[in-house]
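Taking it in order: structure first as structure tokens, then the write-up.
The values are calculated or read from the model by the stated rules, or taken from the named source; none is laboratory data. Note that the coordinates shown come from a computational prediction; the quantities given were computed from them, not determined experimentally. A quick note on method: Cβ atoms are made from the backbone with ideal geometry, for glycine too, and the neighbour counts reach across all protein chains shown.
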Amino acid sequence: MSIRSSIFTLSRISLGLALAAGVADSALAAGLKGAPAPFDKGGVKVALVGYLSAGDFFQAYEGGARRQAKALGIDLRVFPGKQDAAQQREQIEQAINLGVKGIIVSHGLPESLKDVVRKAVNAGIKVVAFDVNLGNPKVPQIEQSDKDLAEAVLKQAIKDNGKAFKAGYVYVPGFAPLDRRDAVWKGVKQTNPQIVEKARWGTLDNPIATSVAAQANAALRANPDISVVFAPYDEFARGTKLAANELGVAKKLKIYSADISTADIAEIREPNSPWVATAATNPAVVGAVSVRALALYIAGKDPGHNIVVKPTLITRADLNRYNIKTMEELSAKLPAFGTSDVARASWIPQVQ
């Protein structure tokens with residue numbers, strides 16, 4: 001996806017429109033006993049500005065962020081992403097005009113964000129970034145340990161299929177988490193030269209799964225010897241699975257992905273589903289970690305520059321063995337998935 005040439009020529013949106021655009025969690029606490037300023041007073045204004053919001057992962061991420069924010073007495077303004085780089089820039093400008101104490105930037109294109117994030121930082125606003133590298137030493141980076149995630153699921157793919165197979169790969173460059181996962185995929189192919197990438201496809205056009213399905217349909221038709229697909233985002237996996245079902249090739253295909261949701265669990269557990277494994281963090285946990293890290297930063301504490309949430313490998317065999325049907329059951333039955341000790345403090349209420 002390219003950045004529109006009009007990014008830097010959009011007109012300024014007024015503060016009144018900014019107030020309407022951000023969806024606020026208005027139930028504010030009176031303050032947290034024993035918390036450092038400004039959380040001892042409550043009502044700390046924070047913005048969550050996303051690039052992507054489509055799909056179960058981002059809905060769960062936002063839910064986790066909202067719950068943690070509410071527990072901290074934060075007035076959270078959520079600006080939903082619509083895969084529009086120009087709009088995300090403008091929303092950060094809006095957050096600055098709102099006088100927020102902090103901003104969480106979730107995903108996005110670094111080249112369209114670096115200057116406006118620098119403006120926020122220079123204005124004294126604390127900024128943390130989830131899965132987008134803004135190249136700013138004053139902006140802590142939150143990530144899902146994409147390296148561990150990709151390594152875990154690709155190790156499972158090799159365990160299941162050996163070191164020689166024809167592969168399809170779903171990828172969109174320019175996005176930090178996908179680029180980090182891509183680096184692992186490149187390494188696996190280099191180490192295992194009999195793993196041959198026969199076709200590559202990928203898009204973030206809405207609806208993502210449907211758009212990917214159209215591409216996957218063409219790629220699988222043209223390359224009927226593909227037996228494994230690495231689709232390192234669950235919307236990519238869902239779209240590829242849809243194409244495999246449409247073509248009637250689901251039984252001879254195995255899809256390995258990243259991320260998970262209740263809807264994904266149902267799709268993985270379907271009889272004869274080609275989607276056999278994923279590696280994931282709990283998106284709600286990552287959302288909570290993002291808010292906790294920003295809260296520490298606003299309170300004058302150092303959350304660390306690289307804040308990493310470790311992933312868990314989840315296979316269809318695991319889901320069937322423990323009869324897991326929902327994210328709540330997944331968290332309960334695979335405890336490593338359900339929580340993270342990252343960015344904790346005694347004064348920050350636990351919501352997991």
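Data for the structure
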item	result
Residues that are in contact with a strand residue (DSSP E or B) (Cβ under 8 Å, 6 or more places away or on another chain) and among the charged types (D, E, K, R), drawn from region 162-195	LYS163, LYS166, ARG180, ARG181, LYS189
Leading residue by the ranking (nearest to the chain's Cα centre (by Cα)) among those in region 164-190 that are basic (Lys, Arg) and more than 23 Å from ALA244 (Cβ to Cβ)	ARG180
Residues of region 97-118 that turn out to be more than 15 Å from the chain's Cα centre (by Cα) and either not assigned by TED's automatic domain parsing to the domain that holds GLY135 or not basic (Lys, Arg) (or both), as a count	13
Cβ-Cβ under 7 Å pairs, at least 6 apart or on other chains, region 307-328 side under 14 Å from ASP148 (Cα atoms), far side among the charged types (D, E, K, R)	VAL308/GLU143; LYS310/ASP148; PRO311/ASP148
Of residues in region 298-352 being more than 20 Å from the chain's Cα centre (by Cα) and aromatic (Phe, Trp, Tyr), the one farthest from ALA37 (Cα to Cα)	TYR322
Any hit, region 183-198, residues being buried (at least 17 other Cβ atoms within 10 Å of the Cβ), touching a residue at least 60 places away in the same chain (Cβ under 8 Å) and under 12 Å from PHE230 (Cβ atoms)	no
Condition check for PRO271: buried (at least 24 other Cβ atoms within 10 Å of the Cβ) and either farther than 22 Å from GLN194 by Cα or of a type in the set (D, E, K, R) (or both)	no
Those residues of region 329-343 which are in contact with a helix residue (DSSP H, G or I) (Cβ under 7 Å, 6 or more places away or on another chain) and either touching a residue at least 60 places away in the same chain (Cβ under 8 Å) or not aliphatic (A, V, I, L, M) (or both), in sequence order	LEU330, SER331, PHE337, GLY338, THR339, SER340
Verdict on ILE104 being more than 15 Å from PHE175 (Cα to Cα), among the β-branched types (Val, Ile, Thr) and buried (at least 24 other Cβ atoms within 10 Å of the Cβ)	yes
Those residues of region 244-270 which are part of a loop (DSSP other than H, G, I, E, B) and within 17 Å of the chain's Cα centre (by Cα), in sequence order	ASP259, ILE260, SER261
Filtered residue count, region 229-253, keeping only those that are crowded, with 24+ Cβ neighbours inside 10 Å, within 19 Å of VAL188 (Cβ to Cβ) and not polar (S, T, N, Q)	7
